[in-house]
């Protein structure tokens, strides 16, 4: 009975967490999207038909969803700071333990810096900012490469921790920092891929 209840409760918790996380980006999208429709107007159209393409709207919403976590994501380096403090107080671990903890903290900070730019990016997408069409391909490529590198580094550290780190630090670092970093990296990579597809729409539209 308990074995069947745990997956059910986990699934319910995941659905509730996803619904809660979708509130802010949905509200922000609902506020920005109607105000950006004027930028998508064409000759002879009607106010009801002035909307960004579906791919642009989806990419903007994902920008808000991923970008909202940027400030909260600074909790990951804070967790790493606590782990460093515990290492020094307990007198366990060595140079590799400290180095791995600092590396994970740096990865989270880089992710936060990459993600914080996605909030204004979503607004500019919905508003059809003409300056964005010339930069969006470069931005999508940079975000994709950075996210892929962070995912690769996270996977490498996860694989190497059983041989390099103290057992308690390995468990704490993997579950409290590395796993969330890799999950967030997947979300950032998905957004970069969407942004790359969205770039084609904006570039083709601006060349008409």
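Numbers below:
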item: Members of the range 170-188 found to be modelled with pLDDT of 90 or more, more than 13 Å from residue 154 (Cα to Cα) and either more than 13 Å from the chain's Cα centre (by Cα) or surrounded by 19 or more Cβ atoms within 10 Å (Cβ to Cβ) (or both), listed by number; result: 188
item: Matching residues, the range 63-72, being more than 9 Å from the chain's Cα centre (by Cα) and either under 16 Å from residue 194 (Cβ atoms) or surrounded by 22 or more Cβ atoms within 10 Å (Cβ to Cβ) (or both); result: 64
item: Residue, modelled with the highest pLDDT, within the range 111-140, restricted to residues that are surrounded by fewer than 17 Cβ atoms within 10 Å (Cβ to Cβ) and over 15 Å from the mean Cα position of the chain (by Cα); result: 138
item: Positions within the range 32-66 being at pLDDT 85 or above and over 25 Å from residue 140 (Cβ atoms), in sequence order; result: 34
item: Output for the range 153-169, where each listed residue is in contact with a helix residue (DSSP H, G or I) (Cβ under 8 Å, 6 or more places away or on another chain), in contact (Cβ under 8 Å) with a residue 24 or more places away in the chain and either surrounded by fewer than 15 Cβ atoms within 10 Å (Cβ to Cβ) or part of a helix (DSSP H, G or I) (or both); result: 153, 154, 155, 157, 158, 161, 164, 169
item: Hits in the range 130-145 - residues which are closer than 23 Å to residue 51 by Cα and without any contact (Cβ under 8 Å) to a residue 60 or more places away in the chain; result: 131, 134, 135, 140
item: Per-region count, the range 189-200, residues surrounded by fewer than 18 Cβ atoms within 10 Å (Cβ to Cβ) and either within 15 Å of residue 117 (Cα to Cα) or touching a residue at least 24 places away in the same chain (Cβ under 8 Å) (or both); result: 4
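The values are calculated or read from the model by the stated rules, or taken from the named source; none is laboratory data. Since this is a predicted model, take the numbers as computed values, not measurements. Virtual Cβ from ideal backbone geometry, glycine too; neighbours counted across all protein chains shown.
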